[in-house]
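Step one of this worksheet: look at the structure below.
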Amino acid sequence: MSLLEIKNLHARINDTDILHGIDLTIGRGEVHAIMGPNGSGKSTLSYVLSGRDGYEVTGGDILLDGKSVLEMEADERGRAGMFLAFQYPVELPGVGGMAFLRAAVNARLREAGKDEVDQLEFVKMVRAEAKGLGIKDDMLKRPVNVGFSGGEKKRYEILQMALLKPSLAILDETDSGLDVDALKIVSEGVNLLRSAERGMLVITHYQRLLNHIVPDQVHILAGGRIVKSGDKTLALEVEENGYAGLGDAA
């Protein structure tokens, strides 16, 4: 059974049709990349997958581990194993970082029928994961994302992913706004989380991210449809020639 199956997915927002029949299958252990020009529907796809309010599915289905998620709220999809790293992570003033992370982790554990983690054990767990991402204790003590640089916000999201251990990770232009050093740190964190049990969907506008997170498959999205698929060399082709002509590809 495939981890994620997107079947003839159509979606709209504000009475505007954005996705016009997406078909995509991701197996466990696979990393797929979605590339495409601005306005092609990349972020819409990530929001529809994760259940963001305001996006209406008008046709097709999304299956996670063989079960449709269309009737699930965003938090239910998260507890079921889906994780979305935002292009622009939001700040949550007044929400303590450690409390936020522990609540999320315990929600996942409860969903899996496992015991919740206590405070002391959780602190040890977080510090162990944070060290490899260059996240210091003072960042963990702040409200979520408040006062963080762009690179710090992205590293904090990868920390969340490491702690939550999702079965499907969706990275929506996680390279946006990152300098070379921050991109390398974030990419190394993502690569450490690649496993035979986890699938990843990496959404990006530029090929540079895929130098660090090497995908198994690359898909070009244009006009709300996947117009071309191939291996990692397809990303190099786009880097060299741009998206011109790909919109009509079969």
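The values are calculated or read from the model by the stated rules, or taken from the named source; none is laboratory data. Being a predicted model, the structure only gives us computed values, none of them experimental. Cβ coordinates were reconstructed from backbone atoms using ideal geometry, including for glycine residues, and neighbour counts include every protein chain displayed.
For segment 50-89, which residues satisfy the criterion of being crowded, with 19+ Cβ neighbours inside 10 Å, among the aliphatic types (A, V, I, L, M) and in a strand (DSSP E or B)?
Passing the criteria: I62, L64, M82, L84, A85.
For residues that are at pLDDT 95 or above and under 18 Å from the mean Cα position of the chain (by Cα), scanning just segment 56-69, find the one that is farthest from D17 (Cα to Cα).
Checking each candidate, the answer is L64.
So, R108, is that one touching a residue at least 40 places away in the same chain (Cβ under 8 Å), in contact with a Leu (Cβ under 6 Å, 6 or more places away or on another chain), among the basic types (K, R) and surrounded by 15 or more Cβ atoms within 10 Å (Cβ to Cβ) or not?
Against the criterion (touching a residue at least 40 places away in the same chain (Cβ under 8 Å), in contact with a Leu (Cβ under 6 Å, 6 or more places away or on another chain), among the basic types (K, R) and surrounded by 15 or more Cβ atoms within 10 Å (Cβ to Cβ)), R108 qualifies.
Got a sec? Which helices (runs of 4 or more DSSP H) wholly within segment 121-193 have at least 3 residues that are within 17 Å of the chain's Cα centre (by Cα) and under 24 Å from N211 (Cα atoms)?
Qualifying helices (runs of 4 or more DSSP H): 150-164, 180-192.
Counting just the residues of segment 194-233 that are assigned to a helix (DSSP H, G or I) and touching a Leu at 6+ places or on another chain (Cβ under 8 Å), which one comes out surrounded by the fewest Cβ atoms within 10 Å (Cβ to Cβ)?
So the residue we want is H212.
If Y243 satisfies all but one of (1) touching a helix residue (DSSP H, G or I) at 6+ places or on another chain (Cβ under 9 Å); (2) touching a residue at least 12 places away in the same chain (Cβ under 8 Å); (3) surrounded by fewer than 20 Cβ atoms within 10 Å (Cβ to Cβ); (4) not in a strand (DSSP E or B), what's the number of the condition it fails?
(1)
Would you call I203 within 13 Å of the chain's Cα centre (by Cα) and within 28 Å of G66 (Cα to Cα)?
So I203 fits the description; yes.
Residues being surrounded by 18 or more Cβ atoms within 10 Å (Cβ to Cβ) and either among the aromatic types (F, W, Y) or closer than 18 Å to V57 by Cα (or both): count how many of those fall in segment 13-32.
Residues that pass the stated criteria total 4.
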